[in-house]
Amino acid sequence: MMGYFKAEPTEYARMSVGGKVKREGRGISGFYWPHRTSIELVNVSTVEQPFAFEETSQDSQPLTFQGGFLYRVVDPKKVFAQYAFAINPKTKQPLSEDADNFSEHILQLVRKNTRRRVQANSLENLLTMSDQLTTEIFDELRSLPRINEVGVTIESLYFLAPQPTPEIAKALGAEYRESLLQRADKATYSRRALAVENERAIRENELTNQIGLEEGRTKLVALQGANLMEEARFKADAAKLDLDVMKGIEPDLLRAHALYELGRNATRIANLTITTDVLAGLKGAANGRG
């Protein structure tokens with residue numbers, strides 16, 4: 001019974017009869033005789049191939065590498081020439097393991113290039129080399145003759161962070177935590193030292209200001225004292241001049257002058273007692289002038 005086959009737009013198919021290609025192309029369809037027709041089929045869209053494999057570092061430490069790559073068949077004829085991609089037309093299931101081996105062979109190229117770099121680096125370096133591994137291995141894969149020979153292009157490649165064994169990871173975690181604690185202690189010490197230094201600077205500044213104030217106060221006191229002494233000196237000289245004027249004056253006249261001055265300021269005097277001796281002296285002073 002004649003069958004009907006139809007490839008998807010993302011599939012490249014080749015229909016052969018008796019070993020001779022009758023029709024091929026992307027998304028082709030048509031009738032076929034099952035007993036004498038062979039149909040090969042390959043996906044020509046972008047395919048993602050994840051991976052996970054283990055390698056050993058330069059210092060004999062095992063690491064698990066996880067990631068993936070995207071590839072696309074750009075020349076199906078080269079693929080058909082080296083791999084058996086024949087399928088069951090009704091189910092589209094491969095008739096051989098070559099379909100699986102195809103992506104596995106590309107993976108082996110990725111692993112081969114990864115192994116060379118892993119074995120040349122220590123565990124410590126590899127733990128931070130994900131981006132570097134991605135760039136270097138991707139560039140190498142795209143230029144490998146083998147990749148071009150099978151009609152494939154590698155569109156992208158990525159590595160997740162390499163994973164050491166649980167024991168090593170635990171040890172590294174403990175070491176990292178210790179380093180964080182040391183950094184935290186160092187930061188705390190630095191903050192305290194800075195606080196002490198700032199406090200010392202503040203105290204020195206306060207002391208400098210206080211010294212300046214005391215020096216200013218000392219100068220002010222000295223200036224005030226000098227002014228007071230100068231003022232007292234002027235007052236003493238003035239009083240001396242007043243007394244010098246009264247030298248040689250009769251006592252009775254001095255009493256009379258004193259009473260005269262009291263009379264000029266009588267409004268400020270509440271009580272005044274004048275004895276007979278004072279009056280007698282005033283009389284004598286009057287007689288003397290007469």
Sorted by chain and number, the residues with a modelled amide H under 5 Å from that of G67, at a separation of 5 or more or across chains, are F51, L160
Can you spot the lysines whose alpha carbon is less than 29 Å from K77's alpha carbon? Ignore those fewer than 8 places along the same chain. K6, K20, K22, K90, K92, K112
Listed highest first by mean packing, meaning other Cβ atoms within 10 Å per residue, what order do 94-101, 37-44 come in? 37-44, 94-101
Placing each pseudo-label 7 Å from Cα in the direction of the beta carbon, L220 and T153 end up separated by a distance in nanometres of 8.9 nm
Length added when fully stretched, M229-T56, from 0.36 nm per residue minus Cα-Cα: 52.4 nm
In whole Å, what are the Cα extents of segment 1-126 along the three principal axes, biggest one first? 64, 23, 22
Treat each spin label as a single point 7 Å out from the Cα along the C-beta direction, and report the Q119 to Q49 distance in nm. 2.1 nm
S57's amide H: which non-local residues (gap 5+, or another chain) put their own amide H closer than 5 Å, with H modeled 1.01 Å from N in plane and none for Pro or chain starts? L63
Determine, for each peptide in 194-204, 151-161, the mean count of other beta carbons within 10 angstrom over its residues, then list the peptides with the highest first. 151-161, 194-204
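Since every read-out is calculated from the coordinates, none of them should be taken as a lab result. All values derive from a computational prediction rather than experimental measurement. Cβ atoms come from the backbone with ideal geometry, glycine included; neighbour counts cover every protein chain shown.
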